[in-house]
Amino acid sequence: MYSIWKRWYKKNASSNADYDRIQKIKQSEVPQHIAIIMDGNGRWAKKRALPRVAGHHEGMKAVRRITRLANQLEVSILTVYAFSTENWKRPKSEVDYIMNLPQEFLGTFLPELVAENVQVKMIGEPEGLPVHTLGAIKRAMEETKENTGLILNFALNYGSRAEILSAVNKLVADSKDGVIGEITDDIFSKYLMTSELPDPDLLIRTSGEIRLSNFMLWQAAYSEFWFTDVLWPDFSEEHLMEAIEVYQNRSRRYGGV
Ligand code: FPP
């Protein structure tokens, strides 16, 4: 039986070629976890002589279309880096604007996420986030907690070094209490904010920057990277499919031969 989104896609895919491309991608191994560093919103706005926040607003729309396609492709987890622990250094007006986006995004999109079996999750430090921002995310998490499909995971007030340090501190405390013995990869991973999630298979960064910017430093150890010059607000279904096709043609060896 076709779901609403499948019908939506059949109706809205610009051509049968798009639909066929989606089916072809699904016949091969689709990355289970895709993580995206959404960069270039400011430059997108500047190119159009618009305020930077216009780029963030357009970026929010890109999150919506990429979530729809990821669900359509049966990706299990889509992590989007929406706000880093370093982003507080931006002008207050820009920070305030970004902090309003989850509410706006979920205000219109949550019913569709609920209907389409998407689960909303978050990684990052809840402390420090405005009440309305955290409230919108928590409500979405609550309303989608029984869903079993795509996990849309917001990295919000997230920084990988802080996450690793926090894990180390908890591990030290638990070691003192005698709760754990030798620390293995698996045990360490359980102390991270991503404890419930597999590591990203594919990590995408837009806007031509080639760096991790404190994102999933531990988790990305064996991720395949795909960088594009495309600015995040311009990131389309076409680009996601291209990234996945490139991924499908890579050979992942995890240090082996
Ligand atoms: C980086 O671009 C982008 C951000 C810091 C914010 C990302 C936020 C969104 C895409 C919207 C998120 C949507 C929801 C629903 C929470 P930049 O501003 O650093 O761009 P620049 O490098 O061109 O200046």
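The values are calculated or read from the model by the stated rules, or taken from the named source; none is laboratory data. What you are looking at is a predicted structure, and each value in this text was computed from that prediction instead of being measured. Positions of Cβ are generated from backbone atoms using ideal geometry, with glycine treated the same way; all protein chains shown enter the neighbour counts.
For residues in the range 217-236 being in a helix (DSSP H, G or I) and within 16 Å of the ligand (Cβ to nearest atom), which is surrounded by the fewest Cβ atoms within 10 Å (Cβ to Cβ)?
Result: D234.
Just the residues that are within 13 Å of the ligand (Cβ to nearest atom) and assigned to a loop (DSSP other than H, G, I, E, B), please, taken from the range 119-158.
Of everything in the range 119-158, those that are within 13 Å of the ligand (Cβ to nearest atom) and assigned to a loop (DSSP other than H, G, I, E, B) turn out to be G124, L129, P130.
Is there a residue being touching a Leu at 6+ places or on another chain (Cβ under 7 Å), in contact (Cβ under 8 Å) with a residue 60 or more places away in the chain and under 25 Å from L212 (Cα atoms) anywhere in the range 163-177?
Within the range 163-177 (the criterion being touching a Leu at 6+ places or on another chain (Cβ under 7 Å), in contact (Cβ under 8 Å) with a residue 60 or more places away in the chain and under 25 Å from L212 (Cα atoms)), the answer is no, since none of the residues qualifies.
Search the range 72-101 for residues that are free of Cβ contacts under 8 Å to residues at least 24 places away in the same chain and under 15 Å from M60 (Cβ atoms) and pair each with any residue that is near the ligand (Cβ under 9 Å from one of its atoms) and in a loop (DSSP other than H, G, I, E, B) when their beta-carbon atoms are under 7 Å apart and the residues are at least 6 apart or on different chains.
Every condition considered, no pair remains.
Does P102 fit the bill of being surrounded by fewer than 18 Cβ atoms within 10 Å (Cβ to Cβ), at pLDDT 95 or above and not hydrophobic (A, V, I, L, M, F, W, C)?
Numbers: surrounded by fewer than 18 Cβ atoms within 10 Å (Cβ to Cβ): no; at pLDDT 95 or above: yes; not hydrophobic (A, V, I, L, M, F, W, C): yes.
Considered against the rule, which asks whether it is surrounded by fewer than 18 Cβ atoms within 10 Å (Cβ to Cβ), at pLDDT 95 or above and not hydrophobic (A, V, I, L, M, F, W, C), P102 comes out as no.
For the range 201-213, how many residues meet the condition of being within 12 Å of the ligand (Cβ to nearest atom), part of a loop (DSSP other than H, G, I, E, B) and in contact (Cβ under 8 Å) with a residue 12 or more places away in the chain?
Residues in the range 201-213 being within 12 Å of the ligand (Cβ to nearest atom), part of a loop (DSSP other than H, G, I, E, B) and in contact (Cβ under 8 Å) with a residue 12 or more places away in the chain: 5 in total.
Give me a count of the residues in the range 35-67 that are crowded, with 21+ Cβ neighbours inside 10 Å, assigned to a helix (DSSP H, G or I) and more than 9 Å from the ligand (Cβ to nearest atom).
Of the residues in that region, 2 qualify.
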